[in-house]
Amino acid sequence: MSADRSGPVLVLILGDQLSPALSSLADRHPDDTVVLMAEVMDEATYVRHHKAKIALVLSAMRHFAAELREAGWNVDYVELDDPANTGALTGELARAVARHGARGVQVTEPGEWRLRQAMEQWRTDLPVRLRVLPDTRFICPLPDFYAWAAGRKELRMEWFYRDMRRKTGLLMEGDKPVGGRWNFDAENRAGPEPGATFPVPPHFAQDSTSSAVIALVQQRFSNHFGTLDNFCWPVTRAAAQALCMHFINKRLPHFGRWQDAMVTGQDFVFHSLLAPAINLGLLDPLDICRAAEAEYHAGRAPIEAVEGFIRQIIGWREYIRGMYWLDMPGMATANHLDAHRPLPDFWWTGETKMRCLSEAVRTTRDNAYAHHIQRLMVLGNFALLAGLKPAEVADWFLAVYADAYEWGELPNVAGMALHADGGRLASKPYAASGAYIDRMSDYCGSCAYKVKLKTGPQACPFNALYWHFLARNEGKLGRNPRLAQPYANWRRMSEEKRTETLASADAFLATLEPAEPGWARQA
Ligand SMILES: Cc1cc2nc3c(=O)[nH]c(=O)nc-3n(C[C@H](O)[C@H](O)[C@H](O)COP(=O)(O)OP(=O)(O)OC[C@H]3O[C@@H](n4cnc5c(N)ncnc54)[C@H](O)[C@@H]3O)c2cc1C
Ligand code: SF4
């Protein structure tokens with residue numbers, strides 16, 4: 001007996017697809033559609049996400065379901081604790097197709113390779129036709145990115161960014177960049193200033209939906225990393241909009257200048273905190289850029305701040321996503337520098353005498369957030385210099401940040417931070433000694449190590465590790481023209497100094513305790 005397939009079309013909406021303008025809804029009418037949303041254990045645990053990230057996604061999903069219902073959609077929402085919940089998207093989709101006698105399924109393409117693969121399997125396994133639609137919430141469609149990349153020897157973000165400026169018209173006067181330059185990064189490298197004050201982000205009171213989700217996460221994911229004590233992320237479109245206005249009014253004017261600065265106890269500096277909301281679909285990236293541009297034209301924010309911010313969104317964010325789909329699945333296993341050291345335990349506990357790293361892990365645990373320079377030049381730089389295994393580092397980054405989805409996380413980790421892609425993303429590794437961290441932060445003054453010392457047990461570990469990194473990778477990096485100066489300096493050092501430096505780094509590396517397996521990904 002064949003099942004009745006005259007029912008509605010089922011639109012599956014994933015946890016990071018919380019936008020009313022989603023492509024999978026665009027050609028549907030509520031009369032003939034059931035929207036399926038499902039909280040499944042597999043998605044919460046394929047890496048063991050930070051508790052605050054799980055709470056954010058589940059609460060935002062529940063609020064979005066309510067928003068859709070208010071707009072007239074018929075939403076079939078499966079909660080995590082539903083006794084019939086199979087724990088997997090595949091199982092929930094199959095159950096819903098049968099439950100509604102659906103005549104077809106449609107879905108917007110996912111942000112992760114593993115789910116794209118699962119969808120290919122659904123094409124075979126589902127008894128009805130599956131339509132996978134492009135994710136139009138990104139500004140650069142993937143075919144356009146592939147066309148941009150085709151035939152280029154070097155895929156540098158800067159050239160992509162200029163094309164995106166032309167395409168969107170943002171900060172353009174005809175075909176010329178506003179202010180006469182494309183990029184004002186040189187003005188955006190100020191270190192912290194003593195006595196500087198920073199705006200306090202808005203606090204969003206928890207409604208009953210968020211409180212219920214937080215209680216659920218406390219109970220079901222108590223052994224995951226991180227705390228819920230400071231849960232601060234917007235879970236509705238209105239709250240995300242309020243955070244965006246806070247950024248535009250209070251943070252944007254100073255965004256560029258202090259973009260790279262790190263200050264003890266100031267977890268957000270002048271950063272926007274918008275990535276979690278943008279990545280979930282609560283905010284439209286182009287709208288935010290237009291709002292920022294308007295601040296420049298109104299004379300309320302300087303060009304270096306506005307250009308710097310817009311570059312992050314239409315440049316870096318779009319470029320990173322394009323590179324992910326261009327280079328997957330190879331990007332996930334790339335290990336150009338043959339780095340095999342296990343992730344140290346202190347990446348989870350924060351228990352290290354290195355002040356910069358203990359601060360980065362602390363804010364990560366407290367907020368599911370660390371800003372870009374903490375991710376790149378403290379955590380990423382350490383992982384690069386110490387030769388940590390890219391796959392373990394990637395799992396950690398994917399698990400701990402509220403904004404982490406593989407399309408955004410993996411290229412930043414494997415490409416930008418670890419040079420595991422052999423330089424597809426960055427023409428040279430972002431390797432730096434303690435001097436960089438000292439210049440851009442106030443950490444070193446209260447660190448147990450001495451940033452000015454180069455070797456020995458009291459010396460800042462970044463100093464000897466920097467040379468250790470260059471020395472052990474000389475075969476792969478020694479001819480990189482952008483590293484000519486550091487390699488010349490290394491070769492100019494006396495044999496004795498070089499030996500002492502390498503021994504100092506080795507002695508430090510020998511102290512690293514590997515993390516227990518299973519913290520990020522169940523064994
Ligand atoms: C190792 C590493 C891992 C990262 N993992 C992620 C991730 O999983 N998801 C993610 O969205 N971003 C990731 N980033 C990029 C960036 O650090 C975060 O987007 C940013 O810190 C989020 O905080 P914010 O919203 O306050 O950003 P802001 O500093 O205010 O920047 C504004 C916006 O620009 C975008 N942006 C800036 N830089 C990047 C970038 N390199 N890649 C993508 N978007 C960018 C984000 O949407 C961000 O909200 C990572 C960076 C590094 C170095
Ligand atoms: S001295 Fe070195 S380890 Fe300590 S905070 Fe500075 S850079 Fe980090």
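The values are calculated or read from the model by the stated rules, or taken from the named source; none is laboratory data. The model shown is predicted, which means the values in this text are computed figures rather than measured ones. Reconstructed Cβ throughout: ideal geometry from the backbone, glycine too, with neighbour counts over all protein chains shown.
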Qualifying residue in the stretch 52-69 (condition: under 17 Å from Ala215 (Cβ atoms), of a type in the set (S, T, N, Q) and in contact (Cβ under 8 Å) with a residue 24 or more places away in the chain): yes
Any hit, the stretch 197-213, residues being within 16 Å of ligand 2 (Cβ to nearest atom) and touching a strand residue (DSSP E or B) at 6+ places or on another chain (Cβ under 6 Å): no
Scope the stretch 427-449; condition part of a loop (DSSP other than H, G, I, E, B) and within 16 Å of ligand 1 (Cβ to nearest atom); matching residues: Ser427, Lys428, Pro429, Tyr430, Ala431, Ala432
Helices (runs of 4 or more DSSP H) contained entirely in the stretch 218-332, each with at least 1 residues that are in contact (Cβ under 8 Å) with a residue 60 or more places away in the chain and more than 30 Å from Ala391 (Cβ to Cβ): 237-246, 285-297, 303-310
Residue in the stretch 249-262 that is surrounded by fewer than 23 Cβ atoms within 10 Å (Cβ to Cβ) and among the aromatic types (Phe, Trp, Tyr) present: no
Qualifying residue in the stretch 6-16 (condition: at pLDDT below 95 and not acidic (Asp, Glu)): yes
Total residues in the stretch 472-523, condition small (Gly, Ala, Ser), over 23 Å from Leu453 (Cα atoms) and surrounded by 15 or more Cβ atoms within 10 Å (Cβ to Cβ): 2
Check on Ala298, at pLDDT 95 or above and crowded, with 22+ Cβ neighbours inside 10 Å: no
Qualifying residue in the stretch 342-355 (condition: acidic (Asp, Glu), within 16 Å of ligand 2 (Cβ to nearest atom) and in a helix (DSSP H, G or I)): no
Residue match in the stretch 449-471 (condition: touching a Phe, Trp or Tyr at 6+ places or on another chain (Cβ under 8 Å), free of Cβ contacts under 8 Å to residues at least 24 places away in the same chain and loosely packed, with under 14 Cβ neighbours inside 10 Å): yes
Close pairs (8 angstrom Cβ cut-off, 6 or more residues apart or separate chains): among the polar types (S, T, N, Q) in the stretch 435-446, assigned to a helix (DSSP H, G or I) and within 16 Å of ligand 1 (Cβ to nearest atom) anywhere: Ser441/Cys356
